[in-house]
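For reference, the structure discussed in these notes is given below.
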Amino acid sequence: MSDVNVAKRAAAYAAADLVQDGMKIGLGSGSTFLFVIERLAERIKTQGLKVSGVPSSQGTADAATKAGVPLLTLDAVERLDLAIDGADEVDPQKNLIKGGGGAHTRERIVAAAAKEMVVIIDDKKLVPVLGKAFLLPVEVLQFGWKQAERLITATGGKPQRRERDGVPFVTDNGNFVLDCKYDGIEDPAWLGEQLNALTGVVDHGLFVGMAGRIVVADATGKVRIIP
Ligand code: 5RP
C-alpha cells in the first residue's frame, strides 16, 4: 500500500472507531472515506456494531451497500450523531476545502445535520493557507454556467469547468463543477459568502467553522487528533 493510503487508512480507521453502538452517522465521500466503510463493515461483522449512515454521494451509497453498512435517508432523521468525511485541504483554523470528488454540496448538508463533523486526512493536507495548491470547487447549475463563471471571475478566481475523460463532469445533483484558482484564500469566510451570493452557484467547497475533530495520520500510520 502507498504511503498516502497508509495515512488515509489510519485516519479513517481511527475515526470509524469513534462510532458507538446505535449511532446514526453521516457518511462522507472520497478515497479516504472508503476506508471508513471498510472499518465499519469489519466492526459490524466482528463486534456486532449497530450503526446506520446517511450517504453524501451515490458512490458512497453503493460502496456502503456492497460492504453491508446499513443506510438511512436524511429525511428519516432529525439529527445525526456524527458525520465523518475527508477534505482536500485543512488550515490552522480548521477551515476546509472540499469537493475534490464533486460531492461537497451534499457533504455540507449531511455534515450540517450532525452534532459533530469529524474530518479525516493524511498530514500532507494540512496547509497554512487554503487554496494555494488546491483549486476551489464550485458547483454551478448547467443552465447559464458561463454566467456563473463570469461572476466567479469577478471574485478574483480563475474558474475552469471540470472534465472527466474529455466530457464535462456532472455531479450527483446534475450540475457542473468549476475548479477555481485563487492563489491563496486569506479570508475563507468572506469568500464563501461572496460565492454563496452569486446567481447560478449551488455551493462551494469552503467549509468554514464546520469541522470538529480533525483526525490526521502520517505515512507511518501514526494518528493524532486535533481537537
Ligand atoms: C469529495 C470530498 C472528499 O472528501 C475530498 O475530495 C477528499 O477526497 P480523498 O479522500 O479522495 O482525498 O470532498 O467531494
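Residue-wise test of (1) more than 13 Å from the ligand (Cβ to nearest atom); (2) in contact with a Gly (Cβ under 6 Å, 6 or more places away or on another chain); (3) within 20 Å of ALA76 (Cα to Cα); (4) of a type in the set (Lys, Arg).
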| residue | (1), (2), (3), (4) |
| --- | --- |
| MET1 | yes, no, no, no |
| ILE25 | yes, yes, yes, no |
| SER52 | yes, no, yes, no |
| PRO55 | no, no, yes, no |
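Can you tell which of ASP81, ASP75 is without any contact (Cβ under 8 Å) to a residue 24 or more places away in the chain and farther than 29 Å from LEU191 by Cβ? Unique residue meeting the criteria: ASP75.
Of the strands (runs of 3 or more DSSP E) entirely within region 71-190, those holding at least 1 residues that are under 30 Å from ASP218 (Cα atoms) occupy 82-86, 117-122, 136-140, 176-181. Note on region 70-91: among residues that are surrounded by 18 or more Cβ atoms within 10 Å (Cβ to Cβ) and small (Gly, Ala, Ser), the one that is farthest from the ligand (Cβ to nearest atom) is ALA83.
Remark: ALA67 falls outside the filter, which requires a residue to be at pLDDT 95 or above, within 16 Å of the ligand (Cβ to nearest atom) and surrounded by 15 or more Cβ atoms within 10 Å (Cβ to Cβ). For region 6-31, a residue qualifies if it is touching a helix residue (DSSP H, G or I) at 6+ places or on another chain (Cβ under 8 Å), open to solvent by 10 Å² or more (accessible area, probe 1.4 Å) and either assigned to a helix (DSSP H, G or I) or more than 20 Å from ARG108 (Cβ to Cβ) (or both), and the qualifying residues are LYS8, ARG9, TYR13, ASP17, SER31. Considering the conditions (1) open to solvent by 40 Å² or more (accessible area, probe 1.4 Å); (2) farther than 21 Å from ALA103 by Cβ, THR155 is excluded by exactly one of them, (1).
Remark: pairs (first residue in region 185-214, open to solvent by 40 Å² or more (accessible area, probe 1.4 Å); second residue within 13 Å of the ligand (Cβ to nearest atom) and hydrophobic (A, V, I, L, M, F, W, C); Cβ separation under 6 Å; 6+ apart in sequence or on different chains) = MET210/ALA111; MET210/MET117; ARG213/VAL118. Taken over region 215-227, the residue count meeting the criterion of being open to solvent by less than 60 Å² (accessible area, probe 1.4 Å), in a loop (DSSP other than H, G, I, E, B) and among the β-branched types (Val, Ile, Thr) is 0. Residues in region 105-151 that are under 17 Å from ALA189 (Cα atoms) and touching a helix residue (DSSP H, G or I) at 6+ places or on another chain (Cβ under 7 Å): 3 in all. Whether any residue in region 118-128 is within 12 Å of the ligand (Cβ to nearest atom), open to solvent by 50 Å² or more (accessible area, probe 1.4 Å), modelled with pLDDT of 95 or more and of a type outside the set (A, V, I, L, M, F, W, C) is what I want to check. Checking region 118-128: at least one residue is within 12 Å of the ligand (Cβ to nearest atom), open to solvent by 50 Å² or more (accessible area, probe 1.4 Å), modelled with pLDDT of 95 or more and of a type outside the set (A, V, I, L, M, F, W, C).
The values are calculated or read from the model by the stated rules, or taken from the named source; none is laboratory data. Remember, predicted model here, so these are calculated numbers, not experimental data. Please note: Cβ atoms are built from the backbone with ideal geometry, for glycine as well, and neighbour counts cover all protein chains shown. Accessible surface areas use protein heavy atoms only, side chains included; no ligands, DNA or RNA. Shrake-Rupley method; radii C 1.70, N 1.55, O 1.52, S 1.80 Å.
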